[in-house]
1. Please identify, among K75, K43, K114, the residue showing maximal mean-square fluctuation in a Gaussian network model of the chain using a 10 angstrom Cα cutoff.
2. Using the Karplus curve 6.51 cos²θ - 1.76 cosθ + 1.60 with θ = phi - 60°, what ³J(HN,Hα) values do you get for each residue of segment 57-66, in whole Hz, with x for Gly and Pro?
3. Can you list the residues, at least 5 places off or on another chain, whose amide H is less than 5 Å from the amide H of H31, using H built in the peptide plane?
4. On C-alpha positions alone, give me the angle between the axis of helix 123-138 and the longest principal axis of the chain, in degrees, nearest 10.
5. For the chain, calculate the relative contact order in percent as a whole number, restricting contacts to Cα pairs under 8 Å that are 6 or more residues apart.
6. Which of these, T66, T200, T25, has the largest mean-square fluctuation under a Gaussian network model of the chain (Cα springs below 10 Å)?
7. K170's amide H: which non-local residues (gap 5+, or another chain) put their own amide H closer than 5 Å, with H modeled 1.01 Å from N in plane and none for Pro or chain starts?
8. Tell me, what HN-Hα J-couplings in whole Hz come from the Karplus equation 6.51 cos²θ - 1.76 cosθ + 1.60 at θ = phi - 60° for each residue of segment 183-192, using x for Gly and Pro?
Amino acid sequence: MRVGVGGKTVHSRFVKTDAIVLNSTQFGEGHKIVKLFTDSRGKIEASAFGARKTKSRFGSKLEPFTIINLLLYRKNEESIFTIRDADVRYQCVSIRSDFSKYIIASSLIEPVIKFVERSQTDLKLYHLLSDSLKVLDRLVPEKGEYLLSMYDTKFLSIQGYSPDINTCIKCGSVLVDRKSYSDYNNGFPLCNICKTNSSTFVNEGAYRFFKWAKVHTIENAKKVKMKDSTLVNVREIIEHLYLFTFHSTPKSWKQLKECFP
Ligand SMILES: [Zn+2]
């Protein structure tokens, strides 16, 4: 037996870690492959034998959005992890029973599934996602899109998209009267001269939101107030930033638009 950094390694074949359940797929007779975002190993997959059986020892612990502590096992570095034991740290009860929150939660985890590399430890992102899920679970559903927009801003920033909001991203000049534009070819913010015919004007409220979201923690989502037209503007700019950064947007946004027209 060997105790590693932070006392986390019990044995080289065993790993104890906190994790967020992203999703799971069925395999074989009552088993599951669970996609996890862990605090110590980044994004990984693990098999859970018997997880779909009615009397499974895992119960609902391996449902999406659950924050758990796991004991994982694998024979060697090449083989897939097996879940030996799971303890719930936080069960998102309200997210699982409220459809609009469920859609928001899906939009929180999808960028991690889609755009984050496997096995890359990222504690900042881990805490952003786990905090966002916990805050969403307690939030009034009407504020869900504000939380998502704060999350998206921070997610993009962790992935390297964190422009100085006071200057044009293309030419570097200081924005006059905070007037800025955004498009998916160049990102945000663009000045009056660098904007193109396809650029969207960023309204005062949306501009203030991005500035504010950069420096406030996700717990502050409940304090956000904005006009519907500003929220539409904010979501449009975030869409530009995903397209600019990843050339793609999360699929769950389609349901989001149906749920929050
Ligand atoms: Zn410019």
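1. K75
2. Residue by residue, segment 57-66 yields 5, 7, x, 9, 5, 9, 6, x, 6, 6 Hz.
3. Close amide H contacts, sequence-distant or interchain: G50, R52.
4. 90 degrees
5. Averaging sequence separation for qualifying contacts and normalising by length gives 15 percent for the chain.
6. T25
7. It is C191, by chain and number.
8. 7, 7, 7, 10, x, 8, x, 10, 7, 4
No value in this document is a laboratory result; all are computed from the given coordinates. A quick note: this is a predicted structure, and the numbers were derived from the prediction, not measured. Quick reminder, even Gly has a Cβ in these numbers, built from the backbone with ideal geometry, and neighbours come from all protein chains shown.
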